Amino acid sequence: MWAHRQAASRSRGWYRVFGSMGCTGTQRHIAEAGVGSVLLLDDPNIRYVTGLAMLGGSGADHYSFLTAGGKVVHWDTADHASNERANCPWLPDIRYAAPGLGNVPRASGSPSAREFLLDTMADLIVEAAHDYDAHRDPVGIDSTQSQLAAKLRERGLDIRDGAADALHTARQTKTKDEIECFRVLSAICEAGFMAIKKAAEPGVTEQEVWGAAAEAVLRRGGTVEGGYLTSGPNTWPKHQANTTDRMLRPGDIMYADFYSATFQGYRSCVYRTFSIGKPRQRSVDAYKRARDWMYDVIEAIRPGVTTGEVARYFPDREGERMDWYGADHYWQMTTNQWAHGLGLQLYERPLIWRGISVDHPIEIQEGMTMAVETQEPDGPSSATTTSHPPPRPRPLPPRPHRLHRPPHRPRPHPPPLRRFLLLRLLCRRLGGIPDPASYFPVECSSQAHRSRQFDIMLCRLPGC
């Protein structure tokens, strides 16, 4: 139901633009790929074209068909289809799906049942192609499904390759509305990091702190489909997606990664590094190196430059610690120092990485959105890791990473005599000494209100 509450909200707000936007962009690219229509089986592509919140299903129990004229047929399970018909007026043709691929036929345990479901699915797709007069033109499929493709060819459709690449090309540049989703998502992630800062203290476990972060994201309309928090000896080499029951200790380096927090389907990949108490100088120095590398890369990202040019700003063999890893080639250092596109999937175009980009560059285009990731150890068992998702060449969010500090403790209220003397000094500088009744509380409510104002003012003076 959550998926369709999201879908329903689109009909009342600006999120509704995504379905029509995706259709327009996809039509152009599939035409360039030489196909007239495309069958969509991949959840991010379905969401891009239909605007529906595809949060993952049991495998091909929902799929869509986009025609050359921009018409969309969508198939879904019984409850989902009925909800979508009620809440998604921009999709007038929603039908019940035969789950011919994935978990349902596999779980059936019956070869004849699998054959029946796949045949029924192929019949439904061919029927829709005839309904919209799309059966005469080549049809693409956005993922490799050889059995389904064979069934569709048996029924007279001309199935062609190239649709998957066309969809990735359509999604690689973002509109201002999509970038606005990333800005909202960045604010949601910052709320999660602030929750971490408030919850992290010696004796608390990694799982407790990460739970507070996930709660903050969910309360603000996001989801947490991937991420982790790690600390102390768990930070180097980084424990990918492994939040443990380790208790935080004074002096620990800790970092957290929202690598698939989402807002309206768009995914984050952003880290923040913290220190439990005052950080060691070596940690500060390592953090500065990682941060400087990151911003060197961000400054190099511009429309028209190639990924190969930008990749050279990432650390070299020494900065990559390749000797420590025992690695001979940059391609062996996957995920450590690179930038990757973000969108409805965690990894979209472009990928900027010494492992491939220097020898196989592509051009960076305006509207591409990506995360830039660098990391640096501060010793044998802890690391500082940074990641920024910049929309176009601008970093987002703009503030630098903040280290954890102990909570603020308010200073004690100054004694009355000291406040009175400070008030006299202040008033002399301002040119007069007030009646003491204007400072000490009296029965008159207006005078009492003024005295509280004086209290607030004096408590903010230096030295109070």
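The values are calculated or read from the model by the stated rules, or taken from the named source; none is laboratory data. Quick caveat, the model's predicted, so the values are computed rather than measured. Don't worry about glycine lacking a Cβ; one is built from the backbone with ideal geometry, like all the others, and counts go over all protein chains shown. Surface accessibility is based on the protein's heavy atoms, side chains included, excluding ligands, DNA and RNA. Shrake-Rupley method; radii C 1.70, N 1.55, O 1.52, S 1.80 Å.
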Suppose accessible area is computed on protein heavy atoms with a 1.4 Å probe; arrange Met370, Met54 from highest to lowest. Met54, Met370
Report His29's accessible area, 1.4 Å probe, all protein chains in place, as a number in Å² to the nearest 10. 30 Å²
Classify the stretch 170-313 as rounded, prolate or oblate from the Cα gyration tensor: take a ≥ b ≥ c as the square roots of its eigenvalues, call it rounded if a/c is under 1.5, otherwise prolate when a/b beats b/c and oblate if not. oblate
Near Lys238, which lysines are there with a Cα under 29 Å away, not counting those fewer than 8 places off in the same chain? Lys197, Lys198, Lys278, Lys288
Reachable lysines from Lys71, Cα under 29 Å, same-chain residues fewer than 8 places away excluded? Lys151, Lys174, Lys176
Ignoring ligands and nucleic acids, what accessible area does Tyr287 show with a 1.4 Å probe (Å², nearest 10)? 20 Å²
What's the extension gain from Ala187 to Asp285 if we count 0.36 nm per residue and subtract their Cα-Cα distance? 32.5 nm
If a/c stays under 1.5 just call it rounded; otherwise compare a/b with b/c (prolate if a/b is bigger, oblate if not). Do that for the stretch 129-204, with a ≥ b ≥ c from the square roots of the Cα gyration tensor eigenvalues. prolate
Accessible solvent surface per residue of the stretch 261-324, calculated while the other protein chains remain in place, 1.4 angstrom probe, Å²: 46 Å²
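Could you tell me what percent of the accessible area of the stretch 244-393 is made up of carbon and sulfur, with a 1.4 Å probe and every protein chain present?
Values: 2920 of 6010 Å².
Solvent-exposed carbon and sulfur of the stretch 244-393 make up 49 percent of the total.
Tell me, what % of the accessible area of the stretch 158-226 is carbon and sulfur with a 1.4 angstrom probe?
Values: 1440 of 3010 Å².
About 48 percent, which is the carbon plus sulfur part of the accessible surface.
The stretch 272-358: which trypsin sites (Lys or Arg not before Pro) are DSSP loop and have at most 16 other beta-carbon atoms within 10 angstrom? Let's see the in-between values first.
Values: sites: Arg272, Arg280, Arg282, Lys288, Arg289, Arg291, Arg312, Arg317, Arg321, Arg354; in loops: Arg280, Arg312, Arg321, Arg354.
Those satisfying the criteria are Arg280, Arg312.
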Rounded, prolate or oblate: which fits the stretch 242-344 when a ≥ b ≥ c are the square roots of the eigenvalues of the alpha-carbon gyration tensor, with rounded for a/c under 1.5 and prolate only if a/b beats b/c? oblate
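What whole-number value in Å² describes the accessible area per residue of the stretch 150-203 for a 1.4 Å probe? Write out the running numbers ahead of the final one.
Values: 2390 Å² over 54 residues.
The answer is 44 Å² per residue.
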Exposure of Phe116 as accessible area (Å², to 10), given a probe of 1.4 Å and all protein chains: 130 Å²
Roughly how far apart, in whole Å, are the Cα centres of the stretch 293-343 and the stretch 108-127? 46 Å
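With +1 on the Cβ of every Lys and Arg and -1 on the Cβ of every Asp and Glu, and nothing else charged, how large is the dipole of the stretch 103-250 about its Cα centre, in debye rounded to the nearest 20?
On the way: 18 positive and 22 negative charges, 145 e Å.
So the dipole magnitude of the stretch 103-250 works out to roughly 700 debye.
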From the protein chains alone at 1.4 Å, what is the descending order of accessible area for Ser108, Ser260, largest first? Ser108, Ser260
Spherically averaged projected area of the stretch 247-295 from its Cα convex hull (nm²): 4.6 nm²
